[in-house]
Amino acid sequence: MPIIIKMEKKFRPKQWEDRLIEFWEKNKYFQAQVNKDKEPFVIILPPPNANGSLHVGHAMYVYEDILIRYYKLKGREVLWLPGEDHAGFETWFVFEQELKKKGKSKLDFDREVLYQMVYDFVNEKRGIMRKQLKKLGFALDWSKSKFTLDQDIIHIVYLTFKKLFDQGLVYRGLRVVNYCVNCQTSFSDLEVEYEEEKSKLWTIRYPLADRSGYVLVATTRPETMIGDTAVAVNPNDKRYKKLIGKKVSLPLANREIPIVADLAVDPDFGTGAVKVTPAHSEVDWQIAQRHNLPLVQIIDFDGRANENALKYQGLTVFEFRQAVVADLRQQGFLVEEKDYQHRVGKCYKCKTTIEPLAKEQWFVKIKPLVDKVKPLLERNEVKIYPNRFKQQLINWLNKLYDWNISRQIVWGIRIPAYQCQDQSNLECKKHNGWFVELTTPKKCPYCDSEKFIQDEDTFDTWFSSGQWPYATLMSLASNGKNLLSLEQYKSLSFFKYFYPTTVMETGFDILSRWVSRMLMLGVFAVGETPFYNVLLHGLVRDQYGQKMSKSKGNVIDPLELVDKYGADALRAALIFNTKVGSDINMSEEKVVAMRNFANKVWNIGRFIYLGINTEKSSAKTSESVEAVIKDLLNEYKTVEKKFHQLFKRFNLTMAFDLLYNFIWHRFADYYLEKLKDAVWQGDEYALDSLKTVYLSLLRLLNPYMPFVTEAIALSLSNKSFYDEIGS
RNA sequence: GGUCGCUUAGCUCAAUUGGCAGAGCGCCUCGUUCACAUCGAGGAGGUUGAUGGUUCAAAUCCAUCAGCGACCACCA
């Protein structure tokens, strides 16, 4: 059922925006289905974190909407798939803040209750976000929306994990991880932020065990010396050559530890001798591995000294440090204390200093996955726009360490790993009793023991969102009903039709965190890339290029702008005069400028509308008018051709710029003015020519400004652009 | 320390393979009878950060320098 839109004098987007949204939805223009006659064009929406409301960064989805609408008009079978991310730790953090406001703590509830509470919280946010996305006019196929915690999505995540486990690509290991003692969880390397901090560098004297001398070590963390299991020097350092293999007596701890030689030690820094604390430093851990050194953990996961810390037990790290320094000074082991500035790892959320702690965690072996991804990039089977990010991505892939995917939080997908408590069977012992099952098992698959426990941890969010392209499509292919195997999912026609997706469009800030993981997991689980093109956008900043933040008070609320100027204006403001892959400066001024353009487009429509209602004359079109029309048609053809060429290279900005200038300064200011008199005199040929070109221009503009263009088309021609597919 | 990006009009930024430097906002002059003042006509404003090189031709390619920014790594 078509909707009536009046070509009223005043340009008022509010008159029709909500009605158009409803109209598009009712007609199911953007509900995709398998259609063998058409080539699919698929974008999976990067799922927003379902823990807040829409901010201007989300408005960048407009890039995807423009592509979707453009290819819809080109006659492709388009699928733009929405969804939300449970955003494990991110959401957990927000939720804990809410709890605190209510004077509660996570300790007041048990695991199941807590999980349900967060689930309800997230569900409410999901609803709000959907409404907001619709307001911007996004042509998402809401009939297919998915959530990262849908039962079948979790099932697919489990399938991937099991496949990794079965192939030996995921392992459980005791390693030094980045641990936040405040948030009580570990992080991957990518989630640690470093900050400059003023501190001290202490030089400590370690006497040789045979009392023939001493070694000086420099450290920023004297308290960890209680957990030292060696002193390391560079094998080529002449000063220390004679000492390698000897032992020192560790002050305060009354233990003897060896002096080892390791190339990781820089002879030029400090004293050239390093204390080695494998349980509390990643570098030391690695040295310990090479020299078979024992591990002494002295700081616990609550951030306090534990029972191995002797008399210091119970102290916080800060107190521990003070006490150790005081004792060293008093007993004459402290040689020097000087000011020192260095970078300290911080929790990216709460800014607590990251404590490197040894912990058993699940790790994904990165290298075998990376090796399958790199050729795709090198052979350009996956293209990155702008291209400069390609090398950056390859560099990262080469540098990645094994990926810690365990998180010690309740909110997330629980790791389906179980440990047999009996371990009576050899096979059992081989894996330390660990086995992976898709559903809660009844017994250990190796020894049939019924005594086993499930790992308490949940997956890193990126482990599940890294599977998003294939997980969503597999889920939809099976209608979400049957839980199948990866091979079965892959053979479903829906999946085969829509996978791999066409474009992955996202912010360049999550190139390493997300895009690289999607490539690795997609290629691993499906055997094919999850997408052919990666389109990267930058950060949205304020009009002076400043980052938006609540404290600066320069945060722009996209919905407020939509309310004030219309969704078209906001959409175009994010495109106008920008460059792909660079940060985008947003200002109300720019939105106003685009609102003015929408107004211009509207008023051209009004002119034509009034022309249609003018009494027609039988007089022949004059030669001069005919000449102008000929020029107009020619110029339009050139513009149209150029427009499509720009689109092919995803150059959405230049394509828009081209339209903006042509519509305003050529079509309206020049041609329309030249033909105006003829139209008022009832020249039908002049009017029809203007109308034809105008509607063609609206069609090109539609992806950018779907509301005003569709409103006019419905009003002038009584047809939606989405009805006449395939022109 | 490594990688990458940026520096163009008063401000914020564009410029597809090297080919007459553009836009938005702001500024100046003029113009409201019939699409639009959320407008039209016209105008001022640039040695494209600096220096050198390649070329018939450089904002664009190369080298060096200066300033700004991002990401990654990290020395205890």
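The values are calculated or read from the model by the stated rules, or taken from the named source; none is laboratory data. Since the model is a prediction, treat every value here as computed from it, not as a measurement. Cβ placement follows ideal geometry from the backbone for every residue including glycine, while neighbour counts extend to all protein chains displayed. Protein only, heavy atoms only, side chains kept; ligands, DNA and RNA dropped before computing areas. Shrake-Rupley method; radii C 1.70, N 1.55, O 1.52, S 1.80 Å.
The residues of segment A:458-487 that are in contact with a Ser or Thr (Cβ under 8 Å, 6 or more places away or on another chain), in a helix (DSSP H, G or I) and either more than 20 Å from A:LEU519 (Cα to Cα) or basic (Lys, Arg) (or both) amount to a single one, A:ALA477.
Sub-7 Å Cβ pairs linking a first residue in segment A:521-542 that is free of Cβ contacts under 8 Å to residues at least 60 places away in the same chain to a second residue that is open to solvent by 20 Å² or more (accessible area, probe 1.4 Å) and away from RNA strand B (no atom under 16 Å from the Cβ), at least 6 apart or interchain, are A:VAL526/A:LYS490, ordered by first then second residue.
Out of A:ALA678, A:ALA686, A:ALA711, report the one residue that is part of a helix (DSSP H, G or I), within 37 Å of the chain's Cα centre (by Cα) and among the aliphatic types (A, V, I, L, M).
Details: A:ALA678 fails: within 37 Å of the chain's Cα centre (by Cα); A:ALA686 fails: within 37 Å of the chain's Cα centre (by Cα).
Answer to the selection: A:ALA711.
Could you say which residue among A:ARG379, A:ARG407 is within 30 Å of A:ASP302 (Cα to Cα), more than 16 Å from RNA strand B (Cβ to nearest atom) and charged (D, E, K, R)? I'd like the intermediate steps shown before the answer.
Numbers: A:ARG379 fails: within 30 Å of A:ASP302 (Cα to Cα).
Only one candidate passes the filter, namely A:ARG407.
With respect to A:GLU22, determine if the residue is within 22 Å of A:ARG571 (Cβ to Cβ) and open to solvent by 30 Å² or more (accessible area, probe 1.4 Å). Steps first, answer last, please.
Values: within 22 Å of A:ARG571 (Cβ to Cβ): yes; open to solvent by 30 Å² or more (accessible area, probe 1.4 Å): yes.
Here the answer is yes, as A:GLU22 does meet what is asked.
For first residues located in segment A:572-591 and in contact (Cβ under 8 Å) with a residue 60 or more places away in the chain, partners that are part of a helix (DSSP H, G or I) and near RNA strand B (Cβ under 7 Å from one of its atoms) and lie 6+ apart or on another chain with Cβ distances below 6 Å form the pairs A:ILE575/A:THR653; A:THR578/A:THR653. The residue of segment A:345-375 that is nearest to A:ARG175 (Cα to Cα), among those that are open to solvent by less than 20 Å² (accessible area, probe 1.4 Å) and either over 21 Å from the mean Cα position of the chain (by Cα) or free of Cβ contacts under 8 Å to residues at least 40 places away in the same chain (or both), is A:ALA358. Could you list all residues from segment A:230-254 that are in contact (Cβ under 8 Å) with a residue 60 or more places away in the chain and within 13 Å of RNA strand B (Cβ to nearest atom)? Correct list: A:ALA230 only.
Select from segment A:263-281 the residues that are among the aliphatic types (A, V, I, L, M) and more than 6 Å from RNA strand B (Cβ to nearest atom) and list them in ascending order. Result: A:LEU263, A:ALA264, A:ALA273, A:VAL276, A:ALA279. Within segment A:561-578, the only residue that satisfies the criterion of being of a type in the set (Asp, Glu) and within 12 Å of RNA strand B (Cβ to nearest atom) is A:ASP568.
Would you pick out the residues in segment A:283-323 that are among the charged types (D, E, K, R), open to solvent by 40 Å² or more (accessible area, probe 1.4 Å) and assigned to a helix (DSSP H, G or I)? Explain how you work it out, then say what you get.
Here is the first cut: in segment A:283-323, the residues among the charged types (D, E, K, R) are A:284, A:290, A:300, A:302, A:304, A:307, A:311, A:319, A:321.
After this cut, where a residue has to be open to solvent by 40 Å² or more (accessible area, probe 1.4 Å) as well, the list is A:290, A:300, A:302, A:304, A:307, A:311, A:319, A:321.
Of everything in segment A:283-323, those that are among the charged types (D, E, K, R), open to solvent by 40 Å² or more (accessible area, probe 1.4 Å) and assigned to a helix (DSSP H, G or I) turn out to be A:ARG290, A:GLU307, A:LYS311, A:GLU319, A:ARG321.
Looking across segment A:216-229, the residues that are in contact with a strand residue (DSSP E or B) (Cβ under 6 Å, 6 or more places away or on another chain) and within 12 Å of RNA strand B (Cβ to nearest atom) come down to A:LEU216, A:VAL217, A:ALA218, A:THR219, A:THR220, A:PRO222, A:MET225, A:ASP228.
Of all the listed residues (A:THR621, A:THR638), the sole one being more than 11 Å from RNA strand B (Cβ to nearest atom), farther than 26 Å from A:ASN718 by Cα and open to solvent by less than 60 Å² (accessible area, probe 1.4 Å) is A:THR621.
Summed over segment A:133-157, the residues that are open to solvent by 30 Å² or more (accessible area, probe 1.4 Å) and part of a helix (DSSP H, G or I) give a count of 6. Residues that are assigned to a loop (DSSP other than H, G, I, E, B) and either β-branched (Val, Ile, Thr) or without any contact (Cβ under 8 Å) to a residue 40 or more places away in the chain (or both) within segment A:543-557 comprise A:GLN546, A:SER549, A:LYS550, A:SER551, A:LYS552, A:GLY553, A:ASN554, A:VAL555, A:ILE556, listed in sequence order. In the set (1) surrounded by 21 or more Cβ atoms within 10 Å (Cβ to Cβ); (2) free of Cβ contacts under 8 Å to residues at least 60 places away in the same chain; (3) among the hydrophobic types (A, V, I, L, M, F, W, C); (4) part of a strand (DSSP E or B), the condition left unmet by A:ILE384 is number (2).
The residue of segment A:76-98 that is nearest to A:LEU133 (Cα to Cα), among those that are open to solvent by less than 10 Å² (accessible area, probe 1.4 Å) and assigned to a helix (DSSP H, G or I), is A:THR91.
The residues listed here are A:TYR194, A:TYR171; of these, the one that is farther than 23 Å from A:THR352 by Cα and not in a loop (DSSP other than H, G, I, E, B) is A:TYR171.
What do you reckon, is A:LEU519 away from RNA strand B (no atom under 13 Å from the Cβ) and closer than 18 Å to A:SER464 by Cα? In short, yes.
Give the residue that is farthest from RNA strand B (Cβ to nearest atom), with candidates limited to residues of segment A:174-191 that are open to solvent by less than 20 Å² (accessible area, probe 1.4 Å) and in a strand (DSSP E or B). Break it down stepwise before answering.
We begin by selecting, within segment A:174-191, every residue open to solvent by less than 20 Å² (accessible area, probe 1.4 Å); these are A:176-177, A:179-180, A:183, A:185-188, A:191.
Going one step further and asking which of them are in a strand (DSSP E or B), we end up with A:176-177, A:179-180, A:185-187.
Numbers: A:VAL176: 11, A:VAL177: 13, A:TYR179: 15, A:CYS180: 16, A:THR185: 18, A:SER186: 15, A:PHE187: 11 Å.
Within segment A:174-191, the match that is farthest from RNA strand B (Cβ to nearest atom) is A:THR185.
Filtered by the rule that a residue be crowded, with 16+ Cβ neighbours inside 10 Å and modelled with pLDDT of 90 or more, segment A:411-432 gives A:TRP411, A:GLY412, A:ILE413, A:ARG414, A:ILE415, A:PRO416, A:ALA417, A:TYR418, A:GLN419, A:CYS420.
Checking the condition assigned to a loop (DSSP other than H, G, I, E, B), out of contact with any Leu (no Cβ under 7 Å at 6 or more places or on another chain), open to solvent by less than 60 Å² (accessible area, probe 1.4 Å) and at pLDDT below 90, which residue from A:MET1, A:MET7 passes? Quick ask: steps written out before the conclusion?
Working: A:MET1 fails: open to solvent by less than 60 Å² (accessible area, probe 1.4 Å).
The match here is A:MET7.
Report yes if some residue within segment A:215-233 is open to solvent by 20 Å² or more (accessible area, probe 1.4 Å), in a loop (DSSP other than H, G, I, E, B), more than 23 Å from A:GLY345 (Cα to Cα) and not polar (S, T, N, Q); otherwise report no. No, segment A:215-233 has no match at all.
Quickly run through segment A:104-118 and pick out the residues that are touching a residue at least 12 places away in the same chain (Cβ under 8 Å) and loosely packed, with under 13 Cβ neighbours inside 10 Å. Break it down stepwise before answering.
First, pick out the residues of segment A:104-118 that are touching a residue at least 12 places away in the same chain (Cβ under 8 Å): A:106, A:111, A:114-115, A:117-118.
Passing the criteria: only A:ARG111.
With respect to the conditions (1) open to solvent by less than 30 Å² (accessible area, probe 1.4 Å); (2) more than 9 Å from RNA strand B (Cβ to nearest atom); (3) in contact with a His (Cβ under 9 Å, 6 or more places away or on another chain), A:VAL591 falls short on a single one, namely (3). Within segment A:255-266, residues that are over 15 Å from A:ARG239 (Cβ atoms) and in a strand (DSSP E or B) have Cβ atoms under 6 Å from residues that are hydroxyl-bearing (Ser, Thr, Tyr) and open to solvent by less than 70 Å² (accessible area, probe 1.4 Å) in these pairs: A:GLU256/A:SER249; A:ILE257/A:THR229, counting only partners at least 6 apart in sequence or on another chain.
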